[in-house]
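The values are calculated or read from the model by the stated rules, or taken from the named source; none is laboratory data. The structure presented is a predicted model; accordingly, all values stated were derived computationally and were not measured. Note: ideal-geometry Cβ built from the backbone for every residue, glycine included; neighbour counts use all protein chains shown.
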Amino acid sequence: MKKIATFFLTLLGLNFGSACSGQNYESQNVKEFGELIKRNNVLLLDVRTASEFAESHIADAVNIDVNGNDFIKKALERLDKQFTIAVYCRSGRRSANAANQLAKEGFKVVNLTGGINAWTDAQMPVSTQKLEWDAFTTKNGKTLKIYSLIHASLRFIYADKEIQIDPVGKMGDRITDYAQMPKANWIVVTHEHGDHLDKAAIETLSDANTRLITNQRCVDILGKGIIMKNGDKRDESLGDEQFTLEAVPAYNITEGHTQFHPKGRDNGYIFTMEGLRIYVAGDTEDIEEMSNIKNIDIAFLPCNQPYTMTTEQLIKVARIIRPKILFPYHYGQTDVSGIPAALQSDGIEVRIRETLR
């Protein structure tokens, strides 16, 4: 009788052993798991090793090795308890261990029965492209996922709406396949340089309903777009989703560098989504106007001379605007590894994403 019961529970995608042992997480089969991860309030977690993840993984998964000594520490840093965590490994055993640990920390967790082996046996799609994302919750409980794509390219999913910032399809040997992403509701571009403005990527992401927002120079180059200049502010809405977009100055001040980003031409942007404020600085140095930027929750600050800031300038700016979470981005070959320790006593959490180099 027990074998029969276990058989039917397995068909339903439930984990009999977990239920009997009091483990506080659910297990689902491939079909159910595939439907689950389509939801915007779900975060996908691969708990295999980095080398296994690099070979192939389910698209949009973040990778934290469950056998690493700092698994829970990293999970608490990267994962938001407002989201359901969909976890998998190779066969389901390591992910069951991870699910148990996460559930004890207060996460709602669903484990993929059979792991990625079952996923691929069912001919479900996998990816080799590395994506890094972070998830946040607005004051009214809506979700925001921020994908760190390449260099200065970011993707926001706000509730179920798509916002692409400075989309660029290729940087050196790194490629972002925008054809695999939904059409953008908004595309926001800071300025005209090739590592920020990519006409092909914009065309791939656009349909008749996409709103392209940028500065005058980019509109001149592209022949289309909504112009914002330094100091402009717009209220954007689509369906039930709305946010405020502010264009702020971004320029060079170091002697001999001002030709790269002259004052008054390029934009940084501040997004305000139900009280959550995100500052995407664009290409800039530590300019005086930054003293007017207040109440920032998340900041993306550039760090590579001669085009943007030194690490010392970035640290100075962080102490001026005081974001809760700071992402160094656009940092190329600059060593940003010392920034977290430098700002630790300031209460600023620094998150370094390798894809933003």
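A few remarks follow.
- Considering residues of the range 278-288 that are in contact with a Gly (Cβ under 9 Å, 6 or more places away or on another chain) and either among the β-branched types (V, I, T) or under 18 Å from E255 (Cα atoms) (or both) only, the residue surrounded by the most Cβ atoms within 10 Å (Cβ to Cβ): T284
- Selected residue (only one of V87, V126, V110, V62 is within 16 Å of the chain's Cα centre (by Cα) and either more than 30 Å from Q242 (Cβ to Cβ) or not assigned by TED's automatic domain parsing to the domain that holds F243 (or both)): V62
- Single residue of the range 160-203 satisfying the filter (of a type in the set (V, I, T) and not in a loop (DSSP other than H, G, I, E, B)) that is farthest from Y269 (Cα to Cα): I175
- Qualifying residue in the range 142-162 (condition: in contact with a His (Cβ under 9 Å, 6 or more places away or on another chain), closer than 17 Å to A59 by Cβ, in contact (Cβ under 8 Å) with a residue 40 or more places away in the chain and not hydroxyl-bearing (S, T, Y)): no
- Of all residues making up the range 58-75, the number that are out of contact with any Phe, Trp or Tyr (no Cβ under 9 Å at 6 or more places or on another chain) and either surrounded by 20 or more Cβ atoms within 10 Å (Cβ to Cβ) or free of Cβ contacts under 8 Å to residues at least 40 places away in the same chain (or both): 9
- Candidates A96, A135, A118, A103, filtered to the one that is under 13 Å from L44 (Cα atoms) and surrounded by 15 or more Cβ atoms within 10 Å (Cβ to Cβ): A135
- Among (1) under 25 Å from I150 (Cβ atoms); (2) touching a Phe, Trp or Tyr at 6+ places or on another chain (Cβ under 7 Å); (3) not acidic (D, E), the one test that T272 misses: (1)
- Summed over the range 172-193, the residues that are under 19 Å from S127 (Cα atoms) and among the hydrophobic types (A, V, I, L, M, F, W, C) give a count of 3.
- Residues that are within 21 Å of A135 (Cα to Cα) and among the hydrophobic types (A, V, I, L, M, F, W, C) were ranked within the range 319-357; the one that is surrounded by the most Cβ atoms within 10 Å (Cβ to Cβ) is L326.
- Positions within the range 220-261 being hydrophobic (A, V, I, L, M, F, W, C), farther than 23 Å from I287 by Cβ and not in a strand (DSSP E or B), in sequence order: I221, L222
- Members of the range 262-274 that are at pLDDT 95 or above and in a loop (DSSP other than H, G, I, E, B): P262, K263, G264, R265
- Scanning the range 320-350 for residues that are out of contact with any Asp or Glu (no Cβ under 9 Å at 6 or more places or on another chain), of a type outside the set (F, W, Y) and in contact (Cβ under 8 Å) with a residue 40 or more places away in the chain turns up I321, G332.
- Check on G332, at positive phi and not charged (D, E, K, R): yes
- Unique match (being over 18 Å from D166 (Cα atoms), within 22 Å of the chain's Cα centre (by Cα) and at pLDDT 95 or above) among L301, L245, L314: L314
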